[in-house]
Amino acid sequence: MVLDGLADKASKILAENWLGHFTIPSPSLYPHQWSWDSAFTAIGNTHYDVSRSIVEIEHLFDAQWKNGMVPHIVFNEKATSYFPSPTFYDSQKSSDAPRHVKTSGMTQPSVHAIAAYHIYQNHPDQKEAKEFLKRIFPKLEKFHEYLMTVRDPERMGAITVMHPWESGMDNSPIWDEALKRLVVSDIPEYQRKDLINVSDPSQRPDHATYDRFIFLLLTMKKHDYNHIDMYDDYPFKIKSSTSTSLLYASNNFMLKIADIIDEDKTRILDWQSRIKKNFDKTFCPNLPKDPLYYDYDLIAEEHILKQTVGSITPIYSGIPSKEHADRIVNMLGDSKFCGTSCHVQMVPSTSLHEKEYTPQLYWRGPVWINVNWLIWRGLQNYGYKEKAEQIKEGVIELVKEHGFYEYYDATTGEGYGAQNFSWTAALLIDMIKDLGVGTSS
Ligand code: 2M8
């Protein structure tokens with residue numbers, strides 16, 4: 001079948017990007033292990049080589065910090081084609097950082113429990129799968145505890161991202177105002193490598209934005225990556241609806257895992273009630289008029305009213321009531337979310353009606369496969385079969401017609417950014433196989 005052929009092609013890309021202990025997101029642009037990329041890739045690999053999925057997740061968690069943080073990058077010592085380098089980060093200034101491997105000093109969304117559950121479900125040997133769950137469960141719980149404490153000292157049941165890179169949606173207009181507010185100083189000269197390793201550098205973040213990314217990194221470094229000590233005076237603190245709802249979804253998978261391996265669920269249940277109780281209050285300020293979710297800027301003390309894919313992703317978590325989900329799904333029919341006006345009916349990274357919308361620019365318009373995979377599963381969970389199918393068909397069409405790109409122009413379907421991109425390949429496989437594992441509630 002054509003689709004099986006496409007899935008096989010995707011699995012070859014994953015095999016090519018596999019370095020023995022982890023999968024690089026792409027050969028050119030991203031030569032290290034990235035945290036949420038690894039989880040998405042592990043999900044796809046469960047259909048072809050589940051042992052690779054286990055090695056991938058365990059390699060990432062082998063670099064977990066003593067305080068529980070899972071770093072967003074685990075460096076591949078042999079690779080020199082990415083900036084910021086391990087030396088630039090110098091994250092071992094923190095006594096929490098591991099000593100046997102170099103990592104970045106910040107984190108990314110917690111989607112690894114989702115991957116762990118997929119590994120269990122798709123593993124041919126349940127005994128081996130349970131052994132893996134027993135090894136990984138305490139590490140996952142420690143990571144989630146880190147997020148619920150260090151990244152939520154306010155106890156709002158909402159995760160603070162302290163750098164756009166922590167959101168995974170780096171260049172989204174969500175961060176624009178907060179970045180503009182920064183008083184940037186003392187940045188040494190640095191050489192960006194992303195601009196050399198991509199076919200069209202104008203699709204990457206501009207220099208002023210990159211200076212701000214580096215400034216925030218250096219601010220963390222000045223504080224030895226001690227996010228507790230720096231928190232009060234730190235200049236960029238955003239409560240993220242996507243990071244928070246993904247933690248909630250991951251916790252739901254942790255509850256399933258705890259049942260399988262007979263672990264205590266008390267703490268997880270407590271986190272879940274804290275997140276759920278506050279979620280709409282924190283992230284949905286214009287209910288009942290507007291059902292979309294918006295991040296909250298702790299420093300400006302206001303919501304960031306930009307309509308982006310992050311306004312929709314919480315549908316994956318199962319947090320919205322059915323009635324609320326109905327209203328979100330109705331909005332997906334609107335042209336601003338590519339209801340009818342685009343090449344494929346998938347959710348663009350930024351609404352077509354926002355002034356920042358740019359069809360080719362990194363997280364500011366194009367369609368990304370990972371967030372659409374989350375929305376696809378969320379739609380399935382609520383029973384919106386037809387809309388879910390449109391998204392799946394969109395992913396298949398994009399890959400079939402244009403190749404395995406990092407992101408795609410929503411209006412033309414053209415692929416941009418890195419080629420042979422791992423999570424595009426991995427999540428396409430999962431969508432084609434569609435074993436229905438992604439139900440989080
Ligand atoms: C992009 O982020 C990195 C920084 O972490 C970069 O632009 O250099 C984002 O798309 C992020 O979500 C992703 O994890 C990473 C690797 O694919 O690339």
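FYI, it's all coordinate maths here, none of it is from the lab. What you see is a predicted model, and the numbers here were worked out from it, not measured in a lab. Ideal geometry is used to build each Cβ from the backbone, glycine not excepted, and the neighbour counts take in all protein chains shown.
The lysine pair tally for the stretch 284-441, using Cα distances under 24 Å and a gap of 8 or more places or different chains, is 24.
How compact is the stretch 219-368 by the rule of thumb for globular proteins, expressed as Cα Rg over 2.2 N^0.38 Å?
Against the compact-globule rule of thumb, the ratio is 1.20.
Within the stretch 9-23, what residues put their amide N at less than 14 Å from the label point 7 Å along the Cα-to-Cβ vector of Asp62? Flagged as within label range: 19-23. If you find the alpha carbon centre of the stretch 370-400 and of the stretch 263-317, how far apart are they in angstrom? Spelled out, the Cα-based centre of one part sits 22 Å from the other. In a reduced charge model with +1 at each Lys and Arg Cβ and -1 at each Asp and Glu Cβ, the stretch 52-147 shows a dipole moment near 120 debye about its Cα centre.
Our analysis of the stretch 339-441 gives Rg over Rh at 0.95, with the two radii drawn from alpha carbon positions and Rh computed by the Kirkwood formula.
Dipole size in debye (nearest 20) for the stretch 23-99 around its Cα centre, Lys and Arg Cβ +1, Asp and Glu Cβ -1?
On the way: 5 positive and 8 negative charges, 32 e Å.
Roughly 160 debye, rounded to the nearest 20.
With K and R counted +1 and D and E -1, the other residues having a Cβ less than 13 Å from that of Thr350 yield a net charge of -1. Counting only lysines at least 8 places from Lys78 when in the same chain, those with an alpha carbon closer than 18 Å to its own are Lys102, Lys193.
For Glu154 and Leu435, what does the FRET efficiency come to when R0 = 30 Å and r is the distance between their Cβ atoms, rounded to the nearest 0.05?
Once rounded, the FRET efficiency stands at 0.20.
Of the trypsin sites (Lys or Arg not before Pro) in the stretch 161-234, the ones in a loop by DSSP (not H, G, I, E or B) with at most 14 other beta carbons within 10 Å are Arg181. Sites listed here are trypsin sites (Lys or Arg not before Pro) in the stretch 93-176 whose DSSP assignment is loop and whose Cβ has at most 14 other Cβ atoms within 10 Å: Arg99, Arg155.
Going by how many other Cβ atoms sit within 10 Å of their own, how do His227, His343 line up, fewest first? Write out the running numbers ahead of the final one.
Working: His227 22, His343 19.
Sorted ascending by nearby Cβ count, the order is His343, His227.
Between Arg192 and Ile299, the modelled label-to-label distance comes to 2.1 nm, taking each label 7 Å out from Cα in the direction of the beta carbon. Separation of the stretch 343-357 from the stretch 160-183 is 19 Å, based on Cα centroids.
Database note for the chain: Cys without another Cys beta carbon under 4.7 angstrom, Cys284.
The Kirkwood radius of the chain, taken over pairs of alpha-carbon atoms, gives through the Stokes-Einstein law at 20 °C and 1.002 mPa s a diffusion coefficient of 99 µm² s⁻¹. The Rg/Rh ratio for the stretch 37-81 is 1.03, where Rg is the radius of gyration of the alpha carbons and Rh is the Kirkwood radius. Placing unit charges on the Cβ atoms only, positive for Lys and Arg and negative for Asp and Glu, gives the chain a dipole magnitude near 500 debye about its Cα centre. Mean residue ellipticity, 222 nm, helices only, the chain: the sum of -39500 (n - 2.57) across DSSP H runs of n ≥ 4, divided by residue count and rounded to 500, is -14500 deg cm²/dmol. Considering all C-alpha pairs of the stretch 214-290, those separated by over 22 Å amount to 49%.
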